[in-house]
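Down below is the structure, laid out as structure tokens.
The values are calculated or read from the model by the stated rules, or taken from the named source; none is laboratory data. Just so we're clear, the structure is a prediction, and the values are computed from it rather than from any experiment. With ideal geometry, Cβ positions are generated from the backbone for all residues, glycine too; neighbour counts draw on all protein chains shown. For the accessible areas, the whole protein counts, side chains as well, though only heavy atoms, and no ligand, DNA or RNA atoms are used. Shrake-Rupley method; radii C 1.70, N 1.55, O 1.52, S 1.80 Å.
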Amino acid sequence: MSTTRKRLFIKTYGCQMNVYDSERMKDVLTPLGYESTDTPDGADLVILNTCHIREKAAEKVYSELGRLRPLKEDKAASGGMTIAVAGCVAQAEGAEIMKRAPVVDLVVGPQTYHKLPELIAKAHRAKGEALDTEFEVEDKFDRLGNDRQVEGYSAFVTVQEGCDKFCTFCVVPYTRGAEWSRPVDQIVGEVRALAAKGIREVTLLGQNVNAFHGAAPSGREADGPWGLGQLVRHIALIGGIERIRFTTSHPRDMDEDLIQAFADTPKLMPYFHLPVQSGSDKILKAMNRQHEAADYLTTIARLREVRPDIAISGDMIVGFPGETDADFEATMELVREVNYASCFSFKYSKRPGTPGAAMFNQVDEAVKGERLAALQALLDEQQIAFNTSMIGKTLPVLFEKPGRLEGQLHGRSPYLQSVHAHAPAELIGQIAEVEIEGASRNALSGRLIGPKRSAA
Ligand code: SAH
Ligand code: SF4
Ligand code: F3S
């Protein structure tokens, strides 16, 4: 194994699971002498960790590859540049990528990052062979191990991969494969190692995280697989871990035990991402979401009952095939009723190979644009109102780094809001009480009241 220093540039697109995977790719490559840089210029290895969720996301990869071509030519005389495409576009398009963009040396799917060293060696020998998009998710986690290089106080931990839901708009079941959960012991091992490195907050990740059903910890196998509520309570016992979050959940998989975890586990933050996509039952059915708007509202009401300080975030799609003005109005109505702290919203994008792309009643782009603007205006209002409602409250803030102004620190509230406050640098990495004095759409500011021991 060669250990001469080489420069590695990774660009990450898409969801948090890709962020996690990019970190794990760095971990795999460090022993080979790769060091991260923040520019592709002069890098020995460039990895684009891609997203296929919407057309724009997938197309970005090809424009980035176009920009990389001259950099690769410049580097030819000094050792060369290897270009890898990883992630969900790699999984979806495979070898086609190399045909369309010959600048690419290797293609690696989301389940085979542990094989990167072999693939790089192969790419250096013969380009055509360097393709690996198998689904071997168990092997991936077994081989990645727990030794992660982490910075800061918050980390992602993938606990579940894949999706069996097959929403008719979505590529994830095709790019990430079938639902699979990591065993509890393996997850706990990774979280313990993170806590020992100073991590205070973990976000458990999965494309369908609340479908989690991981093998019970050793000695408790007879219990059968554990659900996410059990996993959260178990992680709350790990010394050093003060805050727990998880994302992304599906309304269909909200069981009572998970709802109860919000009530009985103070370290589980009172901020919950539960995408619904539409407020119209007709559209939910066409999307194959397998629930109605009323079921979603009942779940939200139940969560608010058991955890009154809980705030909700979500995802919405406008302009799914067949969406009429009345269907869109049902979405607006649901948004008014839920009153989101934050919500992502997207125009429906036709994805190759999904049932939605073949539906005949596609919505006009201009109509999608108008609906998105109306929805976003309402969501912005709700987000500003939510942030403003924090003024006068005292929130526990996990301080992460120095702020923009001298003497200021930057941290996060339980609701993931950015908080700025004057505070001594020794509070970095700790949770302290801040009385909120100012709020904008994206951030809060406040006055330090004192250190705090508990989570929320
Ligand atoms: N597993 C999550 C979502 C993963 S994708 C869930 O079930 O909610 C993240 C978000 O992208 C989705 O919630 C959806 O709002 C959006 N999205 C997915 N496919 C899309 C498409 N074809 N067009 C527009 N938005 C899409
Ligand atoms: Fe996509 Fe639906 Fe699976 Fe979420 S639940 S990843 S939206 S298919
Ligand atoms: Fe994108 Fe793949 Fe995540 S398609 S949203 S990177 S699972």
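Miscellaneous remarks
- Applying the condition of being among the acidic types (Asp, Glu) and away from ligand 2 (no atom under 14 Å from the Cβ) to segment 237-293 and asking which residue is most open to solvent (accessible area, probe 1.4 Å) yields Glu292.
- Here the condition is being open to solvent by 60 Å² or more (accessible area, probe 1.4 Å) and under 27 Å from the mean Cα position of the chain (by Cα); of Glu365, Glu370, Glu381, it holds for Glu381 alone.
- Contact map, segment 48-59: residues that are more than 14 Å from Val85 (Cα to Cα) and within 10 Å of ligand 1 (Cβ to nearest atom) paired with residues that are of a type outside the set (Val, Ile, Thr) and assigned to a helix (DSSP H, G or I), Cβ distance under 8 Å, separation 6+ or inter-chain. Pairs shown: Ile53/Cys88.
- Number of positions in segment 294-320 that are within 16 Å of ligand 1 (Cβ to nearest atom) and either open to solvent by 20 Å² or more (accessible area, probe 1.4 Å) or hydroxyl-bearing (Ser, Thr, Tyr) (or both): 5
- Condition check for Leu398: over 29 Å from Ile235 (Cα atoms), open to solvent by less than 70 Å² (accessible area, probe 1.4 Å) and under 25 Å from the mean Cα position of the chain (by Cα): no
- Gly353 over 25 Å from Val397 (Cα atoms), of a type in the set (Gly, Ala, Ser) and open to solvent by less than 10 Å² (accessible area, probe 1.4 Å): no
- Matching residues, segment 16-52, being assigned to a loop (DSSP other than H, G, I, E, B) and crowded, with 20+ Cβ neighbours inside 10 Å: Pro40, Ala43, Asp44, Cys51, His52
- Considering only residues in segment 78-102 that are open to solvent by less than 50 Å² (accessible area, probe 1.4 Å) and part of a loop (DSSP other than H, G, I, E, B), the one that is nearest to Arg54 (Cα to Cα) turns out to be Gly94.
- Applying the criterion of being assigned to a loop (DSSP other than H, G, I, E, B) and free of Cβ contacts under 8 Å to residues at least 40 places away in the same chain to the residues of segment 219-231, the residue that is nearest to ligand 1 (Cβ to nearest atom) is Gly227.
- Pairs meeting the criteria (first residue in segment 159-178 and at positive phi and near ligand 2 (Cβ under 8 Å from one of its atoms), second residue at pLDDT 95 or above and part of a loop (DSSP other than H, G, I, E, B), beta carbons under 7 Å, at least 6 apart or on different chains) are Phe166/Asn288.
- Residues in segment 181-198 that are crowded, with 22+ Cβ neighbours inside 10 Å and among the hydrophobic types (A, V, I, L, M, F, W, C) were compared, and the one that is farthest from Glu221 (Cα to Cα) is Leu194.
Residues are listed down the side, and each one gets a yes or a no for (1) of a type outside the set (Asp, Glu); (2) at pLDDT below 90; (3) over 18 Å from the mean Cα position of the chain (by Cα):
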site	(1), (2), (3)
Pro102	yes, no, yes
Leu106	yes, no, yes
Lys115	yes, yes, yes
Trp180	yes, no, no
Gln186	yes, no, yes
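- Applying the criterion of at least 1 residues that are farther than 23 Å from Val276 by Cα to the strands (runs of 3 or more DSSP E) found wholly in segment 340-416 leaves 394-402, 408-412.
- Residue match in segment 310-326 (condition: in contact with a Phe, Trp or Tyr (Cβ under 6 Å, 6 or more places away or on another chain), within 16 Å of ligand 2 (Cβ to nearest atom) and acidic (Asp, Glu)): yes
- Some residue of segment 253-266 being within 13 Å of ligand 1 (Cβ to nearest atom) and farther than 16 Å from Arg371 by Cβ: yes
- Residue check, Phe166 touching a Phe, Trp or Tyr at 6+ places or on another chain (Cβ under 8 Å) and not acidic (Asp, Glu): no
- Members of segment 267-318 that are among the polar types (S, T, N, Q), in a loop (DSSP other than H, G, I, E, B) and touching a strand residue (DSSP E or B) at 6+ places or on another chain (Cβ under 9 Å): Ser278
- Boolean, Glu73 is open to solvent by 70 Å² or more (accessible area, probe 1.4 Å) and in contact with a Lys or Arg (Cβ under 8 Å, 6 or more places away or on another chain): no
- Among the residues of segment 1-15, those identified as modelled with pLDDT of 95 or more and assigned to a strand (DSSP E or B) are Arg7, Leu8, Phe9, Ile10, Lys11, Thr12.
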